[in-house]
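Data block below; observations after.
The values are calculated or read from the model by the stated rules, or taken from the named source; none is laboratory data. Just so we're clear, the structure is a prediction, and the values are computed from it rather than from any experiment. A quick note on method: Cβ atoms are made from the backbone with ideal geometry, for glycine too, and the neighbour counts reach across all protein chains shown. What goes into the accessible areas is simple: the full protein's heavy atoms, side chains included, and nothing from ligands, DNA or RNA. Shrake-Rupley method; radii C 1.70, N 1.55, O 1.52, S 1.80 Å.
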Amino acid sequence: MAKLILTLDGAVIREYSIDKDSISIGRKHGNDIQLNDLTISGRHSLITKVGDNVFIDDLGSTNGSLLNGARVAKSKLQHSDVIQIGNYQFTFFSQDEEDYEPTMFLRAEIEDTKIIDTKQKSTTDNTGAKLGAVKVLSGPLKGKVLELRKPFNTLGFNGSKMAIIARNSTNYTITAIKNEDSINIAMVNGRDISTDALELKEHDIIELANTQIEFIFRD
């Protein structure tokens, strides 16, 4: 039986088996999965099962439902797909027997954040600019491509935020987040990154929490 693993900043919150035809997700009481997050609409999205296939449907939510970083209206789910609803993420498993392994997370920020200063002007108006993405090279999400559509995208591991990838009008930059509790260091091409913005080049290798991801541009 297929299942969803609910996480917040990479930390597992709960596991849900997809054992009925539809599962509603939203902020209001009465949803099958209720999430207390102001960025989530009252009835935000619906997980539906049709035969052996599972779909996600956005229910006209304000901030949208993201599938592997891209906003979707309706889409069929594939094994290890990552759904973001508000600040929460669901990882889809096509088989219930497979266990979730803690791994890095990449979360698109629904609202602009002021955690860092990239020293560059960010904008959501990137008409004509290439769309960046990261391809996971190791770990449970190996092979998965996550698009970087939002102005800010947080990288981390098991609740610890380690870096932010910022989307600007002409490029993407990565900046470290200072975290005294974290023993993990984010690296690009084998070198530690700092709190100064570093421009990402295509095929740069980002490493954190023993997971490697490759920065690429989408066609």
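What accessible area, in Å² to the nearest ten, does a 1.4 Å probe give for Asp196?
Counting only protein heavy atoms, Asp196 exposes about 90 Å² to solvent.
Mind pulling up the Rg/Rh value for the range 1-60? Radius of gyration and Kirkwood radius, both on Cα. All intermediate terms of the calculation are to be shown ahead of the outcome.
Working: Rg = 11.7 Å, Rh = 12.1 Å.
Reported Rg/Rh (Cα atoms, Kirkwood Rh): 0.96.
Hey, can you find the accessible area per residue of the range 1-72 for me, probe 1.4 Å, expressed in square angstrom?
Each residue of the range 1-72 exposes 47 Å² on average to a 1.4 Å probe.
What's the long-distance tail for the range 145-219, i.e. % of Cα pairs beyond 17 Å?
Considering the range 145-219, 38 percent of its Cα-Cα pairs are separated by more than 17 Å.
Chymotrypsin sites (Phe, Trp or Tyr not before Pro) within the range 1-89: which are DSSP loop residues with at most 15 other Cβ atoms inside 10 Å?
none
Could you work out what % of the accessible surface of the chain is carbon and sulfur, using a 1.4 angstrom probe and leaving DNA, RNA and ligands out of the count? Mind dumping the intermediate values first?
On the way: 4790 of 11070 Å².
Carbon and sulfur atoms account for 43 percent of the accessible area of the chain.
Expressed as a whole percent, how much of the Cα-Cα distance distribution for the chain exceeds 33 Å?
Of all Cα-Cα pairs in the chain, 14 percent lie more than 33 Å apart.
Using Cα-Cα distances under 8 Å and only pairs 6 or more residues apart, what relative contact order does the range 140-219 have, in percent?
Over the range 140-219, the number comes to 20 percent.
Step through the table entries Lys142/Lys178; Lys161/Lys201; Lys3/Lys49, compare each Cα-Cα distance with 19 Å, and write down the pairs that go over it.
Lys142/Lys178; Lys161/Lys201
Only Cα pairs under 8 Å and at least 6 apart count here; give the relative contact order of the chain as a rounded whole percent. Show your work: numbers first, answer last.
Values: 550 pairs, mean separation 35.8, N = 219.
With pairs under 8 Å counted, the relative contact order is 16 percent.
Under the classification rounded if a/c is under 1.5, otherwise prolate if a/b is larger than b/c and oblate if not, where does the range 26-77 fall, given a ≥ b ≥ c as square roots of the Cα gyration tensor eigenvalues?
oblate
Computed on alpha carbon atoms, what radius of gyration and Dmax characterise the range 12-103, expressed in Å?
Cα only, the range 12-103: 12.4, 34 Å (Rg, Dmax).
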